[in-house]
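Have a look at the structure below, then the notes.
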Amino acid sequence: QVQLVESGGDLVQAGGSLRLSCVASEIAWSMNAMAWYRQAPEKQRELVAAISGDGSVYYEDFAEGRFTFSRDNAKKTAHLQMNDLRPDDTAVYYCNAPAPVWSEQADVGYWGQGTQVTVFS
């Protein structure tokens, strides 16, 4: 049942770095596209970065130059390397992948449980 499992969130001082990981099931990985989202308290969930099957990556402006989204095919694990963290990066970070059209999750895709990132100054 569990398709995505996230880890790596932590408490970190501003300017520090974290690497988030998202371990995917075979079916989630097979969709060849993934995304990272984040949601801060009392804010809407927002896209952080997305990667397509051909390896091209899109970053939101706040992530460009600081975050790196990559996929390790051998381990079926996606990573979000976050550098130069700022207090406004504080949020729960979620992994997302498309779900097959036959899946009960087809409309919303697969989501991880989220991992908390807290950045203090």
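Residue ranking by accessible heavy-atom surface, 1.4 Å probe, largest first, among Trp102, Trp36 comes out as Trp102, Trp36. Can you give the Rg to Rh ratio of region 1-72, both from alpha-carbon atoms, with Rh computed by the Kirkwood formula? In region 1-72, Rg relative to Rh is 0.96.
Once every DSSP H run of n ≥ 4 in the chain is given -39500 (n - 2.57) and the sum is divided by its residues, what mean residue ellipticity at 222 nm do you get, rounded to the nearest 500 deg cm²/dmol?
Rounded to the nearest 500, it is -1000 deg cm²/dmol.
Calculated accessible area for the chain comes out at 55 Å² per residue, all protein chains present (probe 1.4 Å; ligands, DNA, RNA ignored). In terms of overall dimensions, the chain has a Cα radius of gyration and Dmax of 13.8, 46 angstrom.
By a 1.4 Å probe calculation restricted to protein chains, Leu47 has an accessible surface near 40 Å², given to the nearest 10.
The values are calculated or read from the model by the stated rules, or taken from the named source; none is laboratory data. Since the structure is predicted, the reported quantities are computational estimates derived from the model, not experimental observations. Accessible surface areas use protein heavy atoms only, side chains included; no ligands, DNA or RNA. Shrake-Rupley method; radii C 1.70, N 1.55, O 1.52, S 1.80 Å.
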